[in-house]
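Below is one structure, written out as structure tokens; comments come after it.
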Amino acid sequence: MTFRSESSAVPSVILNDGHLIPRLGFGVFQVPEGQTFDTVTAALEAGYRSIDTAAAYGNEAEVGRAITESGIPREDVFVTTKLWNSDQGYDSTLRAFDASMERLGFDYLDLYLIHWPVPQADRYIDTFRAFQTLKSQGRIGSIGVSNFQIDHLRRLIGETGEVPAVNQIELHPALAQTTLRAFHAEHGIATEAWSPLGQGAELKDPTVTTIAEQVGRTPAQVLIRWHLQLGNIVIPKSVTPSRIRENFDVFGFELDADQMTTLSALDTGSRVGPDPDTFAMGLD
């Protein structure tokens, strides 16, 4: 088993366990079954070397097949998947991991995330302990969480003795997550942004479109660049090959300090997704 080394045009982040993750990846949330294979293939052809999926997305098998059939060495593609809420708990996590790996068709995973904290179920500590077991067995390179708030992170670190490598959270200019990102920085947790374009709503914001005109780029490229310059890992999604390529072409320009400040001022605390403190889909 070999975990990923630096081999892409995309710069990487060194996680707190020493593994590398590309700063720019490709997400497949809401990419329909039957369309995921072609979409991931297009992303790999564009240059992406990090693919983010989840058991709940129902497309792990197509993700795995696209990577396998791409001809790109497995160790050159960073693969993330996530454990769904109904599978939390020590033994059920181990079973769910095996099922995800069977669908993906891989013998190791680069990053495994707890998809949601689901605090009312009170299972995420046991779940993370199962992650630690899988990591100690060499089946996972890095373990982390998704949608965890500061209270969840404090408890997780305190009770398991391990700092998660990544927290993947909803993050875009309208929800800049400044306090949570500061906590991540203090504890060595990498911040990864899902819904980095605000599910498209912010692409039409006059502030964003004005800055896009100033730098001669698309609004999506501007928002992705904002994330990168903040230090976030970012995983935009598209099913359109031309947009997939455009979203990857973000390393040839920079936003100046005023433009960064202007975009960050769009923060209103507005979510497009669920509240992590109450979201419990999948529980009995």
So, in region 232-284, exactly how many residues are of a type in the set (S, T, N, Q), open to solvent by less than 30 Å² (accessible area, probe 1.4 Å) and under 21 Å from the mean Cα position of the chain (by Cα)? 3
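Within region 105-140, how many residues are without any contact (Cβ under 8 Å) to a residue 24 or more places away in the chain, part of a helix (DSSP H, G or I) and not charged (D, E, K, R)?
Residues of region 105-140 without any contact (Cβ under 8 Å) to a residue 24 or more places away in the chain: 122, 135-137.
Subsequent filtering for residues that are part of a helix (DSSP H, G or I) retains 135-136.
Restricting the remaining residues to those that are not charged (D, E, K, R) gives 136.
Qualifying residue count, region 105-140: 1.
Looking at the structure I just gave you, is residue 2 surrounded by fewer than 18 Cβ atoms within 10 Å (Cβ to Cβ), among the β-branched types (Val, Ile, Thr) and at pLDDT below 95? If you could, list the steps in order and put the result at the bottom.
Details: surrounded by fewer than 18 Cβ atoms within 10 Å (Cβ to Cβ): yes; among the β-branched types (Val, Ile, Thr): yes; at pLDDT below 95: yes.
So residue 2 passes the test.
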Residue pairs, Cβ under 6 Å, 6 or more apart or interchain, first in region 49-69 and closer than 20 Å to residue 21 by Cβ and in contact (Cβ under 8 Å) with a residue 24 or more places away in the chain, second part of a strand (DSSP E or B) and small (Gly, Ala, Ser). List them. 52/27
2 or more residues modelled with pLDDT of 95 or more, hydroxyl-bearing (Ser, Thr, Tyr) and touching a helix residue (DSSP H, G or I) at 6+ places or on another chain (Cβ under 7 Å): qualifying helices (runs of 4 or more DSSP H) within region 183-271: 206-215
Looking at region 21-59, which of its residues are part of a loop (DSSP other than H, G, I, E, B) and of a type in the set (Phe, Trp, Tyr)? 29, 48
Any chance region 158-177 includes a residue that's assigned to a helix (DSSP H, G or I) and open to solvent by less than 20 Å² (accessible area, probe 1.4 Å)? no
What residue, among those in region 91-104 that are among the small types (Gly, Ala, Ser) and touching a residue at least 40 places away in the same chain (Cβ under 8 Å), is most open to solvent (accessible area, probe 1.4 Å)? 99
State the number of residues belonging to region 178-203 that are within 15 Å of the chain's Cα centre (by Cα) and closer than 25 Å to residue 151 by Cα. 11
May I ask you to say which residue of 146, 195 is at positive phi and either among the basic types (Lys, Arg) or crowded, with 22+ Cβ neighbours inside 10 Å (or both)? 195
Report whether or not residue 62 is surrounded by fewer than 20 Cβ atoms within 10 Å (Cβ to Cβ), part of a helix (DSSP H, G or I) and at pLDDT 95 or above. no
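Consider region 27-48. How many of its residues are touching a Gly at 6+ places or on another chain (Cβ under 8 Å) and buried (at least 17 other Cβ atoms within 10 Å of the Cβ)?
Step one: of region 27-48, the residues touching a Gly at 6+ places or on another chain (Cβ under 8 Å) are 33, 48.
Subset that is buried (at least 17 other Cβ atoms within 10 Å of the Cβ): 48.
Total meeting the criteria: 1.
Looking only at region 153-168, how many residues end up being touching a residue at least 40 places away in the same chain (Cβ under 8 Å) and within 14 Å of the chain's Cα centre (by Cα)?
3
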Whether any residue in region 204-224 is under 22 Å from residue 10 (Cβ atoms) and charged (D, E, K, R) is what I want to check. yes
Given (1) touching a helix residue (DSSP H, G or I) at 6+ places or on another chain (Cβ under 9 Å); (2) part of a loop (DSSP other than H, G, I, E, B), where does residue 18 come up short, assuming only one miss? (1)
Given the conditions (1) in contact with a Phe, Trp or Tyr (Cβ under 9 Å, 6 or more places away or on another chain); (2) surrounded by 20 or more Cβ atoms within 10 Å (Cβ to Cβ), every one holds for residue 128 apart from (1)
Just one of (1) within 23 Å of residue 30 (Cβ to Cβ); (2) more than 15 Å from the chain's Cα centre (by Cα); (3) without any contact (Cβ under 8 Å) to a residue 60 or more places away in the chain; (4) open to solvent by 10 Å² or more (accessible area, probe 1.4 Å) trips up residue 206, so point out which. (1)
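The values are calculated or read from the model by the stated rules, or taken from the named source; none is laboratory data. Note that the structure is a prediction, hence the values are computed from the model and not measured. When we count neighbours, we look across all protein chains shown, and the Cβ atoms used for this are built from the backbone with ideal geometry, even at glycine. For the accessible areas, the whole protein counts, side chains as well, though only heavy atoms, and no ligand, DNA or RNA atoms are used. Shrake-Rupley method; radii C 1.70, N 1.55, O 1.52, S 1.80 Å.
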